[in-house]
1. If you fit an axis through the alpha-carbon atoms of helix 180-217 and take the longest principal axis of the Cα set of the chain, what angle between them do you get, 0 to 90°, nearest 10?
2. Each label point is 7 Å from the Cα along the Cα-to-Cβ direction; what then is the distance between the points at SER19 and ARG259, in nm?
3. Given TRP134, ASN82, PHE40, which one lies farthest toward the positive end of the charge dipole of the chain, if we put +1 on the Cβ of every Lys and Arg and -1 on the Cβ of every Asp and Glu?
4. Please report, in debye to the nearest 20, how large the charge dipole of the chain is about its Cα centre when each Lys and Arg carries +1 at its beta carbon and each Asp and Glu carries -1 there.
5. Using the basic label-point model (7 angstrom from Cα toward the beta carbon), what is the LEU181 to GLU140 distance in nanometres?
6. Calculate for the chain the 222 nm mean residue ellipticity that helices alone would give, adding -39,500 (n - 2.57) per DSSP H run of length 4 or more and normalising by residue count, nearest 500 deg cm²/dmol.
7. Rg and Dmax of region 42-150 over Cα atoms: what are they, in angstrom?
8. Using the Cα atoms of region 69-216, I'd like the radius of gyration and the largest Cα-Cα distance, Dmax, both in angstrom.
Amino acid sequence: MKVRHPAFDFVGVDPVWASDAPLVHWVNAIGIIPAYVEPFLIKVMQRARPLLDPVADAELLSDLDVFQRQEAQHFKFHVALNGWIRDGGYPGMADHERAFAREYDAFLETKPLGWLLGYCEGFESMGLAIANVWVDGGLETSLPDADPRPIALWRWHLAEEYEHRTVAFRVLKALYGQRRLRFYRMRLAGLFHAARHIGQRVRSLHTYLIESDAAAAGAPVDRRARRPPKGDAFGRPLQFLPKLLGPRYDPQDARPPVRLAEALALSSTGLSG
């Protein structure tokens with residue numbers, strides 16, 4: 001694990017950056033997640049850090065520092081890309097962003113640390129499920145005529161999600177893993193809460209983006225455009241679900257994406273307009 005400082009430049013990115021607009025809008029709607037969940041992750045880990053043992057958990061504390069700094073890089077670039085999308089004809093996206101931010105603030109104010117860490121691990125496990133597919137070219141296959149810059153951002157980001165895949169799991173386990181059944185229940189509850197909450201936000205923003213296109217064209221909304229996407233980029237991550245639900249799940253055991261090194265190298269090459 002290490003902190004990387006990419007040189008991505010999204011100047012001039014079209015909000016609909018491939019010809020399949022409904023699918024692009026799904027990816028754009030998913031893009032709201034890291035802009036808000038990753039600052040939330042950092043704040044939760046800052047609460048957990050003082051409770052870890054500086055001797056027994058020394059390696060974890062070191063990894064946690066890298067984890068937080070990687071997440072800071074991720075949300076910075078997603079905020080930039082989201083700004084281009086929002087300012088390119090979707091101003092109502094700001095309402096969805098503000099709502100998402102308020103919800104995470106409310107979680108931090110009202111939820112106990114165990115709940116927060118369970119949510120964080122649930123989110124991280126979802127990212128791991130997507131990583132192998134998207135890092136290895138799932139988006140390029142689904143969107144062959146896409147602007148390469150949003151895809152490059154996602155590939156690099158998810159490659160680092162694979163790289164730091166164990167950190168949230170290990171923090172949760174260090175603080176709440178003394179009783180195996182309780183730890184298992186906390187992990188499953190966190191996955192459920194994260195998937196439900198994030199899914200609602202993504203669907204809501206996707207609907208707005210689709211309806212905005214229809215309004216701009218003076219046409220009725222195509223109901224088919226609202227349906228969740230199919231294909232490898234979105235269907236294959238679900239194959240990881242049985243592993244996530246199993247009591248012996250450990251992210252350390254996840255196989256690396258085939259193109260992991262290539263995706264991580266994007267941080268040094270960058271992509272610009």
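1. 10
2. 2.0
3. Highest projection toward the positive end goes to PHE40.
4. On the way: 34 positive and 32 negative charges, 235 e Å.
Dipole size: approximately 1120 debye.
5. Using points 7 Å along Cα→Cβ, the separation is 4.9 nm.
6. On the way: 12 runs with 186 residues, N = 273.
Value at 222 nm, helices only: -22500 deg cm²/dmol.
7. According to the Cα coordinates of region 42-150, Rg and Dmax are 17.3, 52 Å.
8. That works out to 17.1, 56 Å for Rg and Dmax.
The values are calculated or read from the model by the stated rules, or taken from the named source; none is laboratory data. The model shown is predicted, which means the values in this text are computed figures rather than measured ones. We place every Cβ from the backbone using ideal geometry, glycine too, and count neighbours over all the protein chains shown. SASA here: full protein model, heavy atoms, side chains in, ligands and nucleic acids out. Shrake-Rupley method; radii C 1.70, N 1.55, O 1.52, S 1.80 Å.
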